[in-house]
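Report on the structure given below.
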Amino acid sequence: MNINPLISVVIPAYNTKDVIERTLKSVEAQTYQNYQMIIIDDGSTDGTSQLLDEYERYNDKCIVHHQTNCGVSVARNKGIECATGEFICFLDSDDTYSPTFFEKMLSRQQQTHANIVYCGFYRVRKNNILKEQFNFNEGNIVKSFLEKCFHISGILFKRSFLIDNNITFDPDLKVCEDIFFTIKAITKSDVFTVKEHLFNYLYRDKSVTNAIEIIDLYLKDINTWSRIQFYLNQNYHCEDKNIIKQLVQTNLIKLKNKLLIEYLKNFNYKQIQNYFNKDLQFSNEIKTDRK
């Protein structure tokens, strides 16, 4: 066993000039120092690209790759392709690590020989810091993950595990793509945890108030969870499969109900009719609930 393995940190960046230096400094401050940073600039236009080029010039642990704007999934997949570490993490460009993140996550991996290790996190919103609560289950955690998702920035993966199982981010998904990625991973391996909160998730208000944008967001969310539902139906065969199916179906029904409410609020009756015509399964679910 390599007692000093290289950890690759994949950081997708798009127009985060105002916060990314703090993110990079949190990686520099790690107590475990055998790491490389793979930063994927996803076509930034606010000066992030120039900042990263300057940073790479003076940091031999950093590799910067520039691409036209293709979205976070393409950026993360490029990071997986470029990474050379035995282990890989995905850190968003506005999140920050605790100084002992690498040390404690790697220690747990070496104790258990795990393919996947996760930890808890703090949700930071303006001046408010909330400690997210988790059960910190181990082994088969699909059910607990669906009930309370942990964040992609708080996971250490064995890189060969991702490559051998062809686990990548789906470029077609625009929201919750990290949840789908994590589900694909945790259905293929037992999972272990560090029962501590080792990174900070910066919640930034997206200011989505326009009705069209809200409806579009719900449609994208439904698309992702429909993909998750199909994937689990085809690939998950553990004893709690029926419970898992029910959890995903319940989540989809909630999302579809919220979408219909938005349609009704905006008197989009034609869209409602079109949606029911396309989503016969949802129509049947509603009829079943009324019985």
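The values are calculated or read from the model by the stated rules, or taken from the named source; none is laboratory data. Owing to the predicted nature of the structure, the values given are computational and were not obtained by experimental measurement. Methodologically, a virtual Cβ is constructed for each residue, glycine included, from the backbone with ideal geometry; neighbour enumeration extends over all protein chains shown. Accessible surface is based on the protein model in full, side chains and every heavy atom, while ligands, DNA and RNA are left aside. Shrake-Rupley method; radii C 1.70, N 1.55, O 1.52, S 1.80 Å.
Details
- A simple charge model with +1 on the Cβ of Lys and Arg, -1 on the Cβ of Asp and Glu and nothing else charged puts the dipole of the chain at about 1160 debye relative to its Cα centre.
- Spin-label pair residue 190-residue 219: with each label point 7 Å from Cα along the Cα-Cβ axis, the two points sit 4.5 nm from one another.
- In this structure the range 39-163 gives 44 Å² per residue of accessible area when probed at 1.4 Å with all protein chains present.
- Helix-only [θ]222 nm of the chain, DSSP H runs n ≥ 4, -39500 (n - 2.57) each, per residue, nearest 500: -14500 deg cm²/dmol
- Accessible carbon and sulfur surface of the chain relative to its total accessible area, %, 1.4 Å: 49
- Rounded FRET efficiency, nearest 0.05, which uses the C-beta distance separating residue 264 from residue 82 and R0 of 41 Å: 0.30
- For the range 1-108, the Cβ-based charge dipole about the Cα centre amounts to some 340 debye (Lys, Arg positive; Asp, Glu negative; other atoms uncharged).
- Net charge of Cβ neighbours under 13 Å - reference residue 160; Lys, Arg +1; Asp, Glu -1: +1
- Distance violations [Cα-Cα > 24 Å] among 126/184; 220/258; 158/220: 126/184; 158/220
- Labels on offer are (1) 21.2; (2) 20.5; (3) 19.7, and the one holding Kirkwood radius over Cα pairs in Å computed from this structure is (2).
- Sequence-separation-based contact order of the chain, relative, with Cα cut under 8 Å and 6+ spacing, percent: 18
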